[in-house]
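Below is one structure; the comments refer to it alone.
The values are calculated or read from the model by the stated rules, or taken from the named source; none is laboratory data. From a predicted model like this one, the values you see are computed outputs, not experimental measurements. Note that we place each Cβ from the backbone using ideal geometry, even for glycine, and neighbour counts take in every protein chain shown.
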Amino acid sequence: MGLYSLPVNERTIAALVLAPTPERERIVTGLRLGERARRVVEGAGVAPERVHVVRSAEELERAHGELRGSPLVVVRATGQVVAPSLLEPLRLAEPGTRVAVDAERGGEYAGALRAEADRAAEVLDALRADFADGERAVVARWPEAGRVEVGGRARHPAATREEARAADAWQWQLNVLQKPLDGFFTRKFWRPLARPFTRLFLRLPLTPNHISVLTMLGGVAGCVIGAGPSYWDHLLGMAILFVSAVGDNIDGEVARLRLQTSKVGAFLDEIGDDTARVATLLAVGWHVAWRHPELPIRSLTLGALGATLATLALIYWYCVRVAGSVNNQEYTKVLGAGPGVGGPGGRRSVGRALGDVAAHVSRREFIDLAVFATAAADLPEVSFVGLVVGAFVALALVAATHVRLVRGQPGVERR
């Protein structure tokens, strides 16, 4: 999905990405500069067949006929890494000629512009005469063109090896370290642990969706092994589950760094977490049942499974019908919502406070770490009790929240 959608009558807008020649093009966080700029342009809503990546005046000459006669977006990827925020202020869907200028570098031309059809020919002619810097001279002759400011999150120099290294660090900070929905354990443990592996996967020809599927299959395989009767079965299985939990952080990081986020990827990520949650419950339950055949462990496990599935159904009802998202972390915003402590003027609701605690301990980031630790300590019964009790407590909290959502009581945020 693009940063925003262009109206149907604006689908004819064309884009020109000015990229370095292969021998001079650097790779930053898994992508060449020209390819990254192409993805930024397509992410802004320009149809892929209307995006032309050119690396020389000769290539521009061949694309010239297809670029004339329509509004034109120009993005210069020579010597710089560009980010989606470079194009957002240009408002590609709105008529007009606008130029991006860098507010943090003295208002210099930032390497992006949107030209109406009558001005696009001027840009193309200037680039045909001077491919290396032609549009800059045109911009200087456009005092009437709107100047829109972009900040430090829009682009980063990458002409030299030192600049490319700095751009790599900038990309990590921009796309990975700032994820507001991350929980405590993800920020402090899982992401630092996954980071070296993310750097490795950036060099491999795997898409984020491939990584998501591999992670999900690995987690299920680990749980199948971990359901076995012996200590070593369980430890090995939970170790594989632990590794898959590391992989669960890699796919999203690779997607953000390569600009490959998608609705399918978000759906796979959520389904992977929920599949791991269900598989972990079954694996721990079956392993403990082998250890205590005299107890109704399997019946309790199946009961907890039913509670978990019912909880997930209610959560996804809210996410899809109310929040308009497949990301079930959206549910933490309303979990336990209700009247404030001490009446309407209370600081927080008791249910919301319990919901916050439940949201943290029910995350995969906490569960997988706890299950692996208890497996290593040969205390799977602790995990079993926690998973079963957690399943029924979660159902009670979510069911109560669902009733409030359906009744539309105050304090429940709707979209």
**Study point:** Residue among Glu330, Glu381 that alone is at negative phi, modelled with pLDDT of 75 or more, assigned by TED's automatic domain parsing to the domain that holds Ile240 and out of contact with any strand residue (DSSP E or B) (no Cβ under 9 Å at 6 or more places or on another chain)
**Key:** Glu381
Practice item. Report yes if some residue within segment 196-203 is among the charged types (D, E, K, R) and without any contact (Cβ under 8 Å) to a residue 24 or more places away in the chain; otherwise report no. Key: yes
Practice item. State whether the residues of segment 236-249 include one that is modelled with pLDDT of 95 or more and small (Gly, Ala, Ser). Key: yes
Practice item. Scan segment 288-309 and give yes if some residue there is assigned by TED's automatic domain parsing to the domain that holds Gly219, loosely packed, with under 15 Cβ neighbours inside 10 Å and within 29 Å of the chain's Cα centre (by Cα), otherwise no. Key: yes
Exercise for review: Name every residue in segment 378-393 that is free of Cβ contacts under 8 Å to residues at least 60 places away in the same chain and within 14 Å of Val288 (Cα to Cα), in order of residue number.
Suggested key: Leu379, Val382, Val385, Gly386
**Study point:** Scan of segment 393-407 for residues that are of a type outside the set (A, V, I, L, M, F, W, C), out of contact with any Gly (no Cβ under 7 Å at 6 or more places or on another chain) and under 15 Å from Lys333 (Cα atoms), ordered by number
**Key:** His402
Exercise for review: Among the candidates Asp118, Asp130, single out the residue that is out of contact with any helix residue (DSSP H, G or I) (no Cβ under 8 Å at 6 or more places or on another chain), within 23 Å of Glu66 (Cβ to Cβ) and assigned by TED's automatic domain parsing to the domain that holds Glu149.
Suggested key: Asp118
Review point. If the Cβ limit is 8 Å and pairs must be 6+ apart or interchain, which residue in segment 104-115 that is modelled with pLDDT under 90 pairs with which residue that is part of a strand (DSSP E or B)?
Key: Gly107/Val101; Gly107/Arg147; Gly107/Glu149
Point to revise | Segments classed as strands (runs of 3 or more DSSP E), wholly inside segment 14-97, with at least 3 members that are touching a residue at least 40 places away in the same chain (Cβ under 8 Å) | key: 14-18, 72-76, 80-82
Revision key, fill the gap. Scanning segment 51-109 for residues that are within 20 Å of Arg32 (Cα to Cα) and among the small types (Gly, Ala, Ser), the one surrounded by the fewest Cβ atoms within 10 Å (Cβ to Cβ) turns out to be Ser56
